[in-house]
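The values are calculated or read from the model by the stated rules, or taken from the named source; none is laboratory data. These numbers were taken from a predicted model, which means no experiment stands behind them. For neighbour counting, all protein chains shown are included, and Cβ atoms are generated from backbone atoms with ideal geometry for every residue, glycine included. Areas reflect the complete protein model, heavy atoms only, side chains present, ligands, DNA and RNA absent. Shrake-Rupley method; radii C 1.70, N 1.55, O 1.52, S 1.80 Å.
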Amino acid sequence: NRRRKKDDNTLEIPSIPNPFPELCCSPFASVLSASLLPKATSRKKQVIKVYSEDDTSRGLEVPSDVTARDVCQLLILKNHYIDDHSWTLFEQLTHTGLGRAIEDHELVMEIQSNWVMEEENKLYFRKNYAKYEFFKNPLSFFPDHMISFPSETNAAVNHSGILQMFLSSSTYPEIHGYLHAKEQGKKSWKKLYFLLRRSGLYFSTKGTSKEPRHLQFFCELSNSDMYMSLTGKKISGAPTNYGFCFKPNKSGGTRDLKQLCADDEQSRTCWMTAIRLLKYGMQLYQNYMQPYQGRSGCSPLNITPMRSISENSLVAMDFSGHRSRIIENPTEALSVAVEEGLAWRRRGCLRLNSHGSPIAMSNMGMSIHRSQSWFHHKISREEAQRLILQHGLVDGVFLVRDSQSNPKTFVLSLSHGLKIKHFQIVPLEDDGKLFYTLDDGHTRFTDLIQLVEFYQLNKGVLPCKLKHYCARIAL
């Protein structure tokens, strides 16, 4: 009876809900539930496809809030590339012939959500040496005839002064000049005087007048993305090849495009750089100063690229004397390395071919350049200019190609002063030996590799040294 009474009392006690149901699980199951895991693991993931210059592609599974910088960092690690902060994700709209370099902080999924399903738009992974070049040399990006400073500012503005004015919230330089604008709903273009101010982009209805009653608002910059015309005059019928336009973020057709066209590359670069600074401001400077910071966490943050242990343990040695010594001066080490490389090519030793016959090194030097990343076999002048433009019009961007006018010669295409210049490399024969020259034989080289290495160290007859080569990467 006592036992039965005790059971009855126990049943009368109301049941209390368990406040920790996730802890009352099987010992073989995981103790932590999905709600207790870090928030980063519960983010949705999607697959994006990224293309390279040779049209190879690679699929990546990334979080929904991945940034362009994170995607670049992921591809750099997967392909074992050197991160020199110039890698860029490029958006190409195939149907309209437009393209732009995506800013490092932009969300990739937001960009793809604005794409039209019928259009075959693509994301490209490539180098862009001009991405933040205006932070290093702003004076070359903003010519005097296109920029005006506030009246309270002194006439002479130095290097850092221009950057401070662009990034300041109180003052902003005025960019002005003529641009060709495509009239809405028409095929005709009209040349108008434009002004870029902090409040937006305007054009004057009466010549070069800056009076408020003559200024008309052109487009909204905050809700639009700026693109460069990749096809020149073909699709839009622009009067020049230096076109750019504004496309609303949620636009689905070409009728909403605000198309403009400059008279030269320097003018287009000035307008597009100033609009980037106006739209993003300090965010661009943070991207430039802190290239590894991102939101998604898929890139190894706060990790600086390092060389391998074997490379760090290598030192330059000199074995010319009775005793070997370590070369501590980096300038001397570089000159010794170059000298050794040139001496290797000048050696008169013979090598055996597959049939056991001797073959001269000079014959091998005639085709050894074809394996170099900077050499592009049988591309046109227009294709060379397009490749250099994609890599950024920074002084020293170059490539070497076959000449189409003369099959026995080569051409060095080089970017300098926001222009692309072409220099003919002529072969010379002296005493049965073949040489290459850029200056009518005053400076001779045994092969194209020797020529490129020389002008990477010396300006010579060129307007600047060779710094960055255009290469077709593969993913």
Quiz item: For the stretch 430-474, which residues satisfy the criterion of being under 30 Å from Ile48 (Cβ atoms) and open to solvent by 40 Å² or more (accessible area, probe 1.4 Å)?
Solution: His468, Tyr469, Arg472, Ala474
Quiz item: Hey, any hits in the stretch 433-451 for a residue that's in a loop (DSSP other than H, G, I, E, B) and closer than 25 Å to Ser229 by Cβ?
Solution: no
Quiz item: Can you name the condition, by its number, that Ser204 falls short on among (1) surrounded by fewer than 17 Cβ atoms within 10 Å (Cβ to Cβ); (2) at pLDDT 85 or above; (3) farther than 28 Å from Leu387 by Cα?
Solution: (1)
Exercise. May I ask you to list the residues in the stretch 54-81 that are open to solvent by less than 30 Å² (accessible area, probe 1.4 Å) and basic (Lys, Arg)?
Key: Arg69
Self-check item: Lone unmet requirement of (1) under 25 Å from Leu123 (Cα atoms); (2) in contact (Cβ under 8 Å) with a residue 24 or more places away in the chain; (3) in a loop (DSSP other than H, G, I, E, B); (4) not polar (S, T, N, Q) for Gly232
Solution: (2)
Practice problem: With respect to Asn128, determine if the residue is closer than 30 Å to Ile473 by Cα and modelled with pLDDT under 90. | Solution: no
Exercise. Just need a number here: residues in the stretch 83-127 that are assigned to a strand (DSSP E or B) and not charged (D, E, K, R).
Key: 13
Exercise. List every residue pair whose Cβ atoms lie under 7 Å apart, where the two residues are 6 or more positions apart in sequence or sit on different chains, the first residue falls within the stretch 153-178 and is modelled with pLDDT of 80 or more and of a type in the set (Phe, Trp, Tyr), and the second residue, located anywhere, is outside any loop (DSSP other than H, G, I, E, B) and open to solvent by 50 Å² or more (accessible area, probe 1.4 Å).
Key: Tyr178/Lys191
Exercise. Scan the stretch 409-429 and give yes if some residue there is modelled with pLDDT of 85 or more, over 24 Å from Gly243 (Cβ atoms), in a strand (DSSP E or B) and open to solvent by 60 Å² or more (accessible area, probe 1.4 Å), otherwise no.
Key: yes
Quiz item: Does any residue in the stretch 195-215 that is within 27 Å of Asp225 (Cβ to Cβ) and assigned to a loop (DSSP other than H, G, I, E, B) come within less than 8 Å, Cβ to Cβ, of a residue that is of a type in the set (A, V, I, L, M, F, W, C) and open to solvent by less than 70 Å² (accessible area, probe 1.4 Å) six or more places away or on a different chain, and which pairs are these?
Solution: Arg198/Leu278; Thr205/Leu215
Quiz item: Which residues, counting only those in the stretch 235-263, are open to solvent by 30 Å² or more (accessible area, probe 1.4 Å), in a loop (DSSP other than H, G, I, E, B) and either out of contact with any His (no Cβ under 6 Å at 6 or more places or on another chain) or among the small types (Gly, Ala, Ser) (or both)?
Solution: Ile235, Gly237, Asn241, Asn249, Lys250, Gly252, Asp263
Self-check item: Where a residue in the stretch 450-475 is modelled with pLDDT under 90 and its partner, wherever it lies, is in a loop (DSSP other than H, G, I, E, B) and aromatic (Phe, Trp, Tyr), with Cβ under 8 Å and at least six apart
Solution: Ala471/Trp374; Ile473/Tyr81
Self-check item: In the stretch 182-194, residue nearest to the chain's Cα centre (by Cα) [restricted to those that are buried (at least 18 other Cβ atoms within 10 Å of the Cβ) and at pLDDT below 95]
Solution: Lys182
